[in-house]
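Written out below as structure tokens is the structure these notes cover.
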Amino acid sequence: MLKWGFVFLLLAVASGLFGVAVSDAATFALAQVLFFGNVVLFVVFTLLGTMVPRALDVPRHDSTRQREP
């Protein structure tokens, strides 16, 4: 999704250079929506990742230690 944001940003810049005002505004708005959508998703998933308890941490078995009879 971030890649599409950059593609639409480049299209907006190109259409702005060629003087196509309607296409320029539309592609810039779409690029802006995609970019800030990515920023919001990044922040949400970063916060969710820090709030998850580490319940899945399994103690490792040390195979070099011998068992006691």
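Observations
- Highest-first packing order for the peptide set 14-20, 27-33 is 27-33, 14-20, based on the mean count of other beta carbon atoms within 10 Å.
- Added length on full extension, which subtracts the Cα-Cα distance from 0.36 nm per residue, residue 29 to residue 46: 3.6 nm
- Shape of the stretch 2-50, Cα gyration tensor, a/c cut at 1.5: prolate
Just so you know, all these numbers are worked out from the coordinates, no wet-lab data involved. Remember, it's a predicted structure, so these values are computed and weren't measured experimentally. No Cβ is skipped: glycine too gets one built from the backbone with ideal geometry, and neighbour counts run over all protein chains shown.
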